[in-house]
Ligand SMILES: [Zn+2]
């Protein structure tokens, strides 16, 4: 098995002329590596595994294997997540290879927040422990928390984080979920999913 991972730092394009369409564009980004829920053979139960920020590189003849090492939060039992399997050295970018050897933390976190990488490894992400933040890409984000705000907010979810649409909306508008629910019912707020991204429409 060999595969390429999507570069999680690569931003997917926002819709054309999005700056004309939306008043505010906000990105949602993870602030640390995803954790995994998995049965630990040593603990003999389901536990959380965390990114050790270390790689394991195996060079066997002309074939190279690279893993990212996760470890059980209780007993440090390790779990290797495959990055490359049986690749020839020419197939791995030399600068990336150096980073594997140096246990480059930024690269480890990049893999650790790529949803695609986890699904390729059939690893179950623990969404409960996910930490994330919102960053303003365009417009006056602070306006969205004012009750007088009317307009369109675009939430760019490049990392495809599993966060409920209504949770994102209530966090960005800084209102409770029950307030949000009422505003949706009154058609003051309309939430639309666009693939993994979300549009919040705030009407008068
Ligand atoms: Zn364990």
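Ratio of alpha-carbon Rg to the 2.2 N^0.38 Å globular estimate for the chain, to two decimals, please.
The chain yields a ratio of 1.23.
What percent does the relative contact order of the range 36-128 come to when contacts are Cα pairs within less than 8 Å and at least six residues apart?
Contact order relative to length: 29 percent.
First measure r as the distance between the Cβ atoms of residue 65 and residue 145, then evaluate 1/(1 + (r/R0)^6) with R0 = 35 Å and state the FRET efficiency to the nearest 0.05.
0.15
Build a GNM of the chain with springs between Cα atoms under 10 Å: which of 183, 173, 81 gets the top mean-square fluctuation?
183
Reported to two decimal places, what Rg/Rh ratio describes the range 36-128 when computed on Cα atoms with Rh from the Kirkwood expression? The partial results should precede the final answer.
Working: Rg = 13.7 Å, Rh = 13.8 Å.
Here the Rg-to-Rh quotient is 0.99.
Determine by what factor the alpha-carbon radius of gyration of the range 74-162 differs from 2.2 N^0.38 Å, reporting the quotient.
1.55
Give me log10 I(q)/I(0) at q = 0.18, 0.24 Å⁻¹ for the range 114-204, Debye formula, one equal scatterer per alpha-carbon, no solvent.
Treating every Cα as an identical point scatterer, log10 I(q)/I(0) equals -0.84, -1.31.
Throughout, read-outs are computed from the coordinates displayed, never taken from laboratory work. This one's a predicted model, so the numbers in the text were calculated from it and none came from an experiment. Glycine gets a Cβ as well: all are built from the backbone with ideal geometry, and neighbour counts include every protein chain shown.
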